[in-house]
Amino acid sequence: MVPEPTPQFAFEPSPAVPGVAATEGRPIEGIGPGRAAWRRLRRNRVAMASLAVFLAIVVCCLAAPLWADQVAHVGPEENNLTGKFERGGKQLYVVTPPPQTKPVGPGWSGRYLLGADKNGRDEMVRLLYGGRNSLFVGFTAALITTVIAVILGLLGGYFRGRTDVVVRTIFDVIWSFPVLLLGIALGTALSVGGLHVGPIDIQGGSLWIPILVIGIIFVPYLGRPIRGQVLSLREKDFVEAAMAQGDGPLRIMFGELLPNLASTILVFGTLIVANNILTEAALSFLGAGVQLPAPSWGNMIGEGVGLLSTAPHLTIVPGLAITLTVLALNVFGDGLRDALDPRARVRLR
Amino acid sequence: MARFAVRRLVHMAFVLFAISAVTFLIFYVFPGTNTNAQVQRIAGRSANDVTRAQVKKDYGFDRPFYVQYARLMENTADGSLISYTNQTNVRDEIVRGIPATVSLVLGAAVIWTFFGVLFGILSAVYAGRWPDRVLTVLSMIGISLPVFWVGALLLYYLTDRIELFPPGGYVKLTEDPSGWFTHLILPWVTLSILFIGFYSRLLRSTILDTIDEDFVRTARAKGVTENRVLVRHVLRNALIPIVTLFGLDFGAAIGGGAILTESIFSLQGVGQYAAQSVGSLDLPPVMGTTLYAAFFIVVLSALVDIAYAYLDPRIALES
């Protein structure tokens, strides 16, 4: 998985080289590794289709307020236990009054397109807003993971010795923690009373709690490969050259080493976002992630499971949304790896 | 080797210590779980100051934090850890959950290893052709499914609706072997799906990596049959990463990592016990189950490192 550091500049062949004479001494346009990877990626139709699907999902979720205002005329957290609405010219109960108390199912109407949940909330609106929350948690947590993992990995791999022992131990401790258990413990502990440390002031129901929890528990999954890669990269000549030039450690770490880690970070980053969405769903399902009444795909399933016999779509639809999103990200991540790692071409033939 | 063993043991002990310290800190620092919150939870919301002070004294919350931590660890070590909320012994509860967790994980491990390896080999042998395509699609879907969602749907549609399988719960193997088996089929399937996907993807790529190696070409040049090349030369090497991954996954699952599957099917295993105690923010069982789980993860990663060095002599243990 360790890509060779590739020179970033264009070749300037000397005119004396036979066979190059045709270019009349003009420098040959080289393509950088990024451009080359992008070309390979563009040829991978499955990966590009997954990217398109994923972007479509993101756009839909971002448009949630538009749907809520213009089509459904109801917010994601508004209960409606006694009201009626119009579908196909008929007035229907949002939730059939007791003794049945059955929420309305999906049907062709702007309001309650996917039916209602047990509190009479519009399921379509919740699905879109829930997707926003799930995606936001997934992305932001991945960003936190990446920043921490890259800094720790660079420090450990570059300085080695004691620093590395500390970094490795941090990774080992987080790694050996039972992930879901740690997530639930932190999530539950924080959502009860929030977190107030100095300038940080997080309320109990805040989205930042699952974000921080998920961001921290997956640090070793990216940090370990990064550290390993830095460890081998720092032996290369270009690092020695930078040292000889008098560059300091910070400049070498972030100016020389970091660009060489880009492909690892990109590939792992994509897969970590996918993984985060699954983890957020699991935590929210168990009540330790996004807190009700705020919607997320995970807690929507958690709420829907109790109504499987009367309203199975409340469970099925958010689950499909998770699966589709995660699948698109996983397939795209795979394609990205094949594109960034030229060895993969040999592998597939 | 002896030096490696000692260093590894010291490291393991330190990791376990750090995990217990972090768990304790979570319960000491956060406003929702700190000493006051715990006293409140034990004494009840309507308790007066006298009762609260009494609880604080009885449970040792008035002592400095390191004394509290030391007492907690002492009780964990000698098995006398008692839950704050329902006064049950934590060790007894964990021991009671072990048969269900072990049954679930052992069965699922057999299924996921068998199908993971089978699909991985088929995918690699037919690389680029339709069996590979179908298996790739299936395994990509497998690793993208939310486990709890699959479990909930299987449970509802196959037990409530068509009554193909008995409803959730765990039946002891010693009491009713066939009931044990039928009750565990759905949990096994639910837990395996994700791993089958991961293992077949990984094995496919390691086989395709190994197939290009010189020793495989040499074997073919010697006239070794294609099946024998695959089994004796390629698989032997390609399976090494699978062995490592298996060790880690198995350790995590036995340690209670199958929380979602256990909870959905209410198997009353260690994972479900852990989830319940974390949900009620009950420090002693959380500490007990976390250390129990971490112990398995730490021990199995050490075993994996040793197995790795044994299977692949190019890797030295000392480094």
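The values are calculated or read from the model by the stated rules, or taken from the named source; none is laboratory data. Since the structure is predicted, the reported quantities are computational estimates derived from the model, not experimental observations. Note: ideal-geometry Cβ built from the backbone for every residue, glycine included; neighbour counts use all protein chains shown.
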Problem - So B:V110, is it of a type in the set (A, V, I, L, M, F, W, C), within 30 Å of B:R201 (Cα to Cα) and free of Cβ contacts under 8 Å to residues at least 40 places away in the same chain - result: yes
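Conditions tested, residue by residue: (1) free of Cβ contacts under 8 Å to residues at least 40 places away in the same chain; (2) away from chain B (no Cβ under 14 Å).
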{"residue": "A:Y112", "(1), (2)": "no, yes"}
{"residue": "A:L127", "(1), (2)": "no, yes"}
{"residue": "A:G153", "(1), (2)": "no, yes"}
{"residue": "A:V166", "(1), (2)": "yes, no"}
{"residue": "A:V173", "(1), (2)": "yes, no"}
{"residue": "A:G187", "(1), (2)": "no, no"}
Practice task
Return only the number of the condition from (1) in contact with a Phe, Trp or Tyr (Cβ under 6 Å, 6 or more places away or on another chain); (2) among the aliphatic types (A, V, I, L, M); (3) farther than 20 Å from B:T113 by Cβ that B:V286 does not satisfy.
Solution key: (1)
Handout entry: Pairs where the first residue, in the stretch B:157-170, is on the phi > 0 side of the Ramachandran plot and the second is of a type in the set (S, T, Y) and not in a helix (DSSP H, G or I), C-beta under 7 Å, 6+ apart
Key = B:G169/B:S266
Problem - Entirely in the stretch A:268-349, the helices (runs of 4 or more DSSP H) that have 1 or more residues that are of a type in the set (K, R) and at the interface with chain B (Cβ under 8 Å from one of its Cβ atoms) - result: A:343-348
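One line per residue, one yes/no per condition, for (1) among the basic types (K, R); (2) part of a loop (DSSP other than H, G, I, E, B); (3) within 14 Å of chain A (Cβ to nearest Cβ):
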{"position": "B:R3", "(1), (2), (3)": "yes, no, no"}
{"position": "B:H11", "(1), (2), (3)": "no, no, yes"}
{"position": "B:V15", "(1), (2), (3)": "no, no, yes"}
{"position": "B:I19", "(1), (2), (3)": "no, no, yes"}
{"position": "B:F24", "(1), (2), (3)": "no, no, yes"}
{"position": "B:T51", "(1), (2), (3)": "no, no, no"}
{"position": "B:R63", "(1), (2), (3)": "yes, yes, no"}
{"position": "B:V67", "(1), (2), (3)": "no, no, no"}
{"position": "B:R71", "(1), (2), (3)": "yes, no, no"}
Fill in the blank from the handout: Counting only residues in the stretch B:275-288 that are farther than 20 Å from B:F61 by Cα and touching an Asp or Glu at 6+ places or on another chain (Cβ under 9 Å), the one farthest from the other protein chains (Cβ to nearest Cβ) is identified as B:Q276
Practice task
Could you please let me know if A:L182 is crowded, with 24+ Cβ neighbours inside 10 Å, at pLDDT below 90, in a helix (DSSP H, G or I) and within 13 Å of chain B (Cβ to nearest Cβ)?
Solution key: no
Practice task
Only residues that are surrounded by fewer than 14 Cβ atoms within 10 Å (Cβ to Cβ) and polar (S, T, N, Q): list them for the stretch B:76-87, please.
Solution key: B:S80, B:N86, B:Q87
Practice task
Would you check if B:V224 is at pLDDT 80 or above and away from chain A (no Cβ under 14 Å)?
Solution key: yes
Exercise for the section: From (1) within 13 Å of chain A (Cβ to nearest Cβ); (2) touching a residue at least 60 places away in the same chain (Cβ under 8 Å); (3) more than 17 Å from the chain's Cα centre (by Cα); (4) surrounded by 19 or more Cβ atoms within 10 Å (Cβ to Cβ), pick out the condition that doesn't hold for B:S200. Expected result: (1)
